[in-house]
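The values are calculated or read from the model by the stated rules, or taken from the named source; none is laboratory data. Worth saying up front: this structure is predicted, and the values here are computed from it rather than measured. Because the Cβ atoms are built from the backbone with ideal geometry, glycine has one as well, and the counts that use them run over all protein chains shown. Just so you know, the surface numbers come from the protein's heavy atoms only, side chains and all, with ligands and any DNA or RNA stripped out. Shrake-Rupley method; radii C 1.70, N 1.55, O 1.52, S 1.80 Å.
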Amino acid sequence: MAVDMRLPTIRKTVSLSVDAFDRKDLVVPGDVITSDTGFMRGHGTYVDEDNLTASVAGEVQRVDKLICVRPLKTRFNGEVGDVVVGRITEVQQKRWKVETNSRLDSVLLLSSVNLPGGELRRRSAEDELTMREYLQEGDLISAEVQSVFSDGALSLHTRSLKYGKLGQGVLVQLSPSLIKRQKTHFHNLPCGASIILGNNGFVWLYPTPGQQEEEAGGFYTSLEPVSLSDREVISRLRNCLLALSAHKVLLYDTSVLYCYESSLQHQVKDILKPEVMEEIVMLTQQKLLEQEG
């Protein structure tokens with residue numbers, strides 16, 4: 001049996017630019033945000049001796065006179081319109097409970113899903129009895145946040161053909177703060193795989209499908225064997241996502257694609273080695289800087 005052994009090496013210290021230390025919008029607990037009494041106290045702050053002070057580590061956000069601190073590491077706080085990837089945990093009366101990496105389980109109502117065949121009608125008692133034929137415990141779905149309840153729980157909907165039950169692929173669980181908000185979170189990458197970047201930190205990788213039947217109504221899942229080449233591409237993308245996440249790089253279609261291209265000179269299993277990971281992420285950041293410049 002081959003064993004991979006590596007000796008310890010002296011790690012190079014990454015020199016941070018002076019601007020990184022001068023940033024006023026990043027705070028840690030106990031930092032004074034402002035001593036001006038005209039501001040209102042928002043989430044993540046408290047008043048200490050007439051000073052507005054941060055209670056969590058994160059980014060200061062100002063909306064008019066309201067100041068709050070958005071934590072860098074937190075559970076998912078959903079907003080209306082967010083794309084999420086979740087797992088069904090329970091089938092209840094006229095609703096499904098969905099785990100979406102938030103503080104409370106999200107709710108998917110029976111009236112908020114497309115019926116198989118895409119027919120538009122009122123949901124009957126028969127639909128309620130056959131709910132498990134649509135979605136059952138353990139199924140993965142992609143959905144959109146329709147509304148937020150008063151206790152913070154999310155109400156989801158899958159009333160579009162791009163949402164619905166997910167078939168064969170790989171789920172990668174990352175921090176929600178690393179997902180960049182964009183117009184679309186569904187991307188068909190040129191490397192032969194597709195990606196759903198859920199705002200809740202759940203990322204779904206799957207082979208790019210061919211022409212999908214529109215009559216399926218979001219419940220069509222292909223169970224055909226996935227080819228070896230597709231599995232290798234998905235495995236490489238998964239390791240790239242973990243590498244970018246470990247180095248706190250924002251995840252969106254361009255950064256993932258650049259990281260994939262930078263990793264092609266290495267084997268899939270080597271990407272997660274610390275020194276290889278550092279090299280790939282550094283190349284990715286250089287490409288992103290060149291693109292922005």
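Worth pointing out:
- Of 201, 86, 30, the residue with the greatest mean-square motion in the GNM of the chain, using alpha carbon springs below 10 Å, is 30.
- Residue-level accessible surface for residue 206, protein heavy atoms, 1.4 Å, Å²: 50 Å²
- By the Cβ-Cβ criterion of under 4.7 Å, the unpaired cysteines of the chain are 68, 191.
- Under a Gaussian network description of the chain, with springs only between Cα atoms under 10 Å, the residue in 280, 33, 196 that fluctuates furthest is 33.
- The chymotrypsin sites (Phe, Trp or Tyr not before Pro) found in region 130-165 that occupy coil by DSSP, while having at most 15 further C-beta atoms within 10 Å, are 149.
- For the chain, the share of accessible area belonging to carbon and sulfur comes to 50 percent (1.4 Å probe, ligands and nucleic acids excluded).
- For residue 34, distant residues with modelled amide H under 5 Å away: 52
- Net charge in the neighbourhood of residue 180 (other residues with Cβ under 15 Å of its Cβ; Lys, Arg +1, Asp, Glu -1) is -1.
- Formal net charge of residues neighbouring residue 37 (Cβ-Cβ distance under 15 Å; K, R +1; D, E -1): -2
- 3J(HN,Hα) along region 246-255, derived from phi through the Karplus expression 6.51 cos²θ - 1.76 cosθ + 1.60 where θ = phi - 60°, amounts to 5, 9, 6, 9, 4, 9, 8, 4, 5, 5 Hz, with x in place of Gly and Pro.
- Dividing the Cα radius of gyration of the chain by its Kirkwood radius returns 1.03 for Rg/Rh.
- Computed accessible area, residue 232, all protein chains, 1.4 angstrom probe, square angstrom: 100 Å²
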